[in-house]
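Report on the structure given below.
The values are calculated or read from the model by the stated rules, or taken from the named source; none is laboratory data. Quick caveat, the model's predicted, so the values are computed rather than measured. When we count neighbours, we look across all protein chains shown, and the Cβ atoms used for this are built from the backbone with ideal geometry, even at glycine. We work out accessible area using only protein heavy atoms, side chains counted, and drop any ligands, DNA or RNA first. Shrake-Rupley method; radii C 1.70, N 1.55, O 1.52, S 1.80 Å.
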Amino acid sequence: MAKNKNAGHKGSYGYQKLKEREPRACIRFKCALTNTILDILRQRPGWIEVKEEGEWDFYWCDVSWLRENFDHTYMDEHVRICHFRNHYELTRKNYIVKNLKRFRKQIEREAGKLEARKCDFFPKTFEMPSEYHLFVEEFRKNPGITWIMKPVARSQGRGIFLFRKLKDVIDWRKDGVRTDDQKDETQVENYVAQCYIENPYLIGGRKFDLRVYVLVMSYIPLKAWLYRDGFARFSNTRFTLSSIDDHYVHLTNVAVQKTAPDYDPEKGCKWMIQRFRQYMTAKHGAEVVETLFAEMDNIFIKSLQSVQKVIISDKHCFELYGYDILIDQDLKPWLLEVNASPSLTASSQEDYELKCCLLKDTLHIVDMEGRLTGKEKRIGGFDLMWNDGPVSRAEGNVDTPVNGSFMANTHLGYNNDRKKQLKQLFKPLHTQQKV
């Protein structure tokens with residue numbers, strides 16, 4: 001159970017604590033959201049919703065609750081919540097840059113420049129206003145290129161703008177200066193200025209990015225799962241660099257695209273990632289696409305390793321991240337950002353089904369019911385890609401190379417036969433769990 005440390009203990013507190021991972025017949029849950037996740041929690045057999053101040057075993061909370069309550073909440077061994085205490089080290093745009101830069105330097109010291117280059121998947125970025133002078137120095141080295149300005153703590157494309165002139169940033173800085181009677185108000189919002197990728201890979205003349213889901217169960221040791229499904233999000237308008245003020249051209253966020261005058265809600269702006277992988281394979285060949293997806297795997301692992309020592313790895317916490325990846329014309333993947341609260345609101349029936357399956361499988365891995373052995377390498381649509389080291393696709397040992405060549409246990413964009421797999425997984429347990 002979980003309760004406020006300062007609250008009076010209720011009757012059930014006197015009962016003997018259940019051992020961690022002991023099978024549980026009844027799980028009490030709270031949910032701060034009213035979208036797909038609430039549907040899935042309510043449908044799960046043996047799970048009961050708790051309102052207001054009731055004791056709970058599982059909480060799908062929002063980050064604001066975490067900030068205000070985590071340090072004051074007592075949790076039994078079995079209790080789980082859906083965020084790490086300082087998740088922002090990975091998910092705030094300025095912090096992830098700081099952590100990746102530090103991690104790259106560490107790798108260069110320990111393993112050399114060649115290995116350090118595996119961290120070069122983030123566009124050149126400066127925190128504003130603190131690194132303004134460094135940015136100006138870089139800006140003057142490459143006049144005429146396009147930059148993108150993003151607020152560090154906002155989402156869904158809010159507050160973003162593109163620019164090519166220093167005057168635009170100077171105007172932005174002036175707008176951010178507070179007058180004397182505003183001194184007590186919130187501080188000037190931090191932004192990052194990032195080199196805009198001017199040569200994105202286009203499909204049908206339109207820009208897109210990929211949303212990929214990674215589930216982290218622990219940072220020390222690092223244990224991370226990669227989901228087989230995801231999607232490509234397309235802009236509604238053909239790509240051009242001649243109109244940098246047009247958000248419908250440059251931002252692929254669904255929240256932005258659905259406001260376009262000619263947006264078709266039935267058609268939407270998404271492809272399932274399987275369709276994207278098939279398209280790329282038909283166009284470039286299987287070997288090239290394998291390399292592209294392996295480089296994306298590298299992004300997921302290196303970004304998590306970059307925050308491994310700074311994230312508070314609490315055994316009560318797990319986190320489902322939404323990674324946004326952009327691919328350029330040279331088929332190089334770039335990390336745009338990592339979301340701690342990826343949208344769980346569906347934009348179509350297909351999107352709803354994807355998110356339902358994703359969330360069901362997340363709950364299978366969190367395993368409040370205590371049904372797993374801990375040795376599983378696949379659970380539904382999730383594949384274990386890192387378990388204190390790389391996980392091999394081969395049966396048997398977690399990290400044994402196959403005939404001398406290592407094949408990572410990642411299947412992003414492959415067939416997701418999750419129902420069949422879950423049936424086999426839970427069959428020996430004689431479970432009635434709906435998959």
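Brief remarks follow.
- Residue 53 vs. criteria modelled with pLDDT under 90, part of a loop (DSSP other than H, G, I, E, B), charged (D, E, K, R) and closer than 24 Å to residue 341 by Cα: yes
- Some residue of region 74-89 being more than 25 Å from residue 200 (Cα to Cα), in contact (Cβ under 8 Å) with a residue 40 or more places away in the chain and assigned to a helix (DSSP H, G or I): yes
- Candidates in region 197-210 are the residues that are under 21 Å from the mean Cα position of the chain (by Cα) and part of a loop (DSSP other than H, G, I, E, B); of these, the one that is nearest to residue 330 (Cα to Cα) is 197.
- Flag not set for residue 319, criterion: free of Cβ contacts under 8 Å to residues at least 40 places away in the same chain, over 22 Å from residue 105 (Cα atoms) and of a type outside the set (A, V, I, L, M).
- Applying the set (1) open to solvent by 60 Å² or more (accessible area, probe 1.4 Å); (2) at pLDDT 95 or above to residue 262 leaves exactly one unmet item: (2).
- Condition met for residue 291 (touching a helix residue (DSSP H, G or I) at 6+ places or on another chain (Cβ under 6 Å), modelled with pLDDT of 95 or more and not acidic (Asp, Glu)): no
- Within region 12-44, being surrounded by fewer than 11 Cβ atoms within 10 Å (Cβ to Cβ) and either modelled with pLDDT of 90 or more or touching a strand residue (DSSP E or B) at 6+ places or on another chain (Cβ under 8 Å) (or both) holds for one residue alone: 26.
- Entirely in region 275-393, the strands (runs of 3 or more DSSP E) that have 3 or more residues that are touching a Pro at 6+ places or on another chain (Cβ under 7 Å), among the hydrophobic types (A, V, I, L, M, F, W, C) and surrounded by 15 or more Cβ atoms within 10 Å (Cβ to Cβ): 319-327
- Annotation note: of 169, 188, 214, 192, the sole residue that is assigned to a strand (DSSP E or B), surrounded by 13 or more Cβ atoms within 10 Å (Cβ to Cβ) and modelled with pLDDT under 90 is 192.
- Note on region 92-106: residues that are open to solvent by 20 Å² or more (accessible area, probe 1.4 Å), in a helix (DSSP H, G or I) and within 14 Å of residue 339 (Cα to Cα) amount to 1.
- Taking (1) modelled with pLDDT under 90; (2) buried (at least 20 other Cβ atoms within 10 Å of the Cβ); (3) touching a Lys or Arg at 6+ places or on another chain (Cβ under 9 Å) in turn, residue 148 satisfies each apart from (3).
- Inside region 102-147, residues that are of a type in the set (Val, Ile, Thr), free of Cβ contacts under 8 Å to residues at least 60 places away in the same chain and under 16 Å from residue 164 (Cα atoms) make up a count of 2.
- Only one entry of 123, 143 meets the criterion of being buried (at least 17 other Cβ atoms within 10 Å of the Cβ) and not in a helix (DSSP H, G or I), and that entry is 123.
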